[in-house]
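Heads up, the thing below is written out as structure tokens.
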Amino acid sequence: MKLRHIEADDIVSLAELEKEVFGADAWTVGMLQQEFNAPARTYLLYEDADGIAAYGGFWYDGQDAELMTIGVSQNFRRQGLARQLLAQLIARAGSQGAKRMLLEVRVDNEPALNLYSSFGFQRLGLRKRYYQPEGIDAYTMAVNIGASDISPESGNESATHMNAVINEQE
């Protein structure tokens, strides 16, 4: 499995994966192009010989990093790719200077809630009817970025180790 930055040629494949992962909530090709071309974005993907297995990204504005999305193809779920990708994204946000990562997640997305909790994300609040058109609520969550917050004891890599992993894969 190869980790790399998302490129313009990936957008059509990512739109298909968006449909698979998010259904009616999927970003369109146009939305993906707009997001990937926006300033201060970092998007990564894992791919194998058959195509894109997982992708995700964040926005860093000089204060907090905002996790925008993580998606894993159904063929690659339950293999640790979301965990690896989130570790990479947190480490890269930290290397850019972010001290905290924020996100929104559907209140009914138990796999994502478990993943984020395992990294130390804490619930900050609730956004009523955030996901439309279904009107599903979202939790806002945050984690402080640093070795003391993301530790091997909690089943996660330390920020220092995550940076070493990034350097090995680039």
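The sole residue among Gly120, Gly125 that is part of a loop (DSSP other than H, G, I, E, B) and modelled with pLDDT of 90 or more is Gly120. Does Arg78 satisfy the criteria of being loosely packed, with under 13 Cβ neighbours inside 10 Å and basic (Lys, Arg)? Judged against the criteria, Arg78 is a match. Those residues that are closer than 19 Å to Leu86 by Cα, modelled with pLDDT under 90 and among the aliphatic types (A, V, I, L, M), I need them from the stretch 128-147; list them, please. Of everything in the stretch 128-147, just one residue is closer than 19 Å to Leu86 by Cα, modelled with pLDDT under 90 and among the aliphatic types (A, V, I, L, M), namely Ala147.
In the stretch 9-27, the residues that are farther than 16 Å from Pro133 by Cα and in contact (Cβ under 8 Å) with a residue 40 or more places away in the chain form Cβ pairs under 8 Å with partners that are part of a helix (DSSP H, G or I) and among the hydrophobic types (A, V, I, L, M, F, W, C), at six or more places apart or across chains, as follows: Leu14/Leu32; Glu18/Leu32.
For the stretch 6-26, the set of residues classified as surrounded by fewer than 13 Cβ atoms within 10 Å (Cβ to Cβ) and in contact with a Phe, Trp or Tyr (Cβ under 8 Å, 6 or more places away or on another chain) consists of Ala8 only. Taken over the stretch 1-26, the residue count meeting the criterion of being within 23 Å of Ile136 (Cβ to Cβ), small (Gly, Ala, Ser) and assigned to a helix (DSSP H, G or I) is 3. Considering the stretch 27-57, and only residues there that are of a type in the set (Ser, Thr, Tyr) and either in a helix (DSSP H, G or I) or under 15 Å from the mean Cα position of the chain (by Cα) (or both), the residue that is nearest to Arg100 (Cα to Cα) turns out to be Thr42.
In the stretch 58-82, the residue that is modelled with the lowest pLDDT out of those that are in a loop (DSSP other than H, G, I, E, B) and of a type in the set (D, E, K, R) is Asp61. Scanning the stretch 60-106 for residues that are touching a residue at least 60 places away in the same chain (Cβ under 8 Å) and touching an Asp or Glu at 6+ places or on another chain (Cβ under 7 Å) yields one hit, Ala87. For Leu85, the requirement of being part of a strand (DSSP E or B) and among the aliphatic types (A, V, I, L, M) is not met. Residues of the stretch 107-117 that are without any contact (Cβ under 8 Å) to a residue 12 or more places away in the chain, part of a helix (DSSP H, G or I) and surrounded by 14 or more Cβ atoms within 10 Å (Cβ to Cβ): Ser117 alone.
Residue-level check: of (1) among the hydrophobic types (A, V, I, L, M, F, W, C); (2) in contact with a helix residue (DSSP H, G or I) (Cβ under 6 Å, 6 or more places away or on another chain); (3) surrounded by 17 or more Cβ atoms within 10 Å (Cβ to Cβ), Val29 misses just (3). One residue alone among Ala164, Ala159, Ala93, Ala87 is under 22 Å from Arg41 (Cβ atoms) and either loosely packed, with under 15 Cβ neighbours inside 10 Å or at pLDDT below 95 (or both), and that residue is Ala159.
The values are calculated or read from the model by the stated rules, or taken from the named source; none is laboratory data. In this text the structure is predicted, and so the values were computed from the model without any measurement. So basically every Cβ, Gly included, is an ideal-geometry build from the backbone, and we count neighbours across all protein chains shown.
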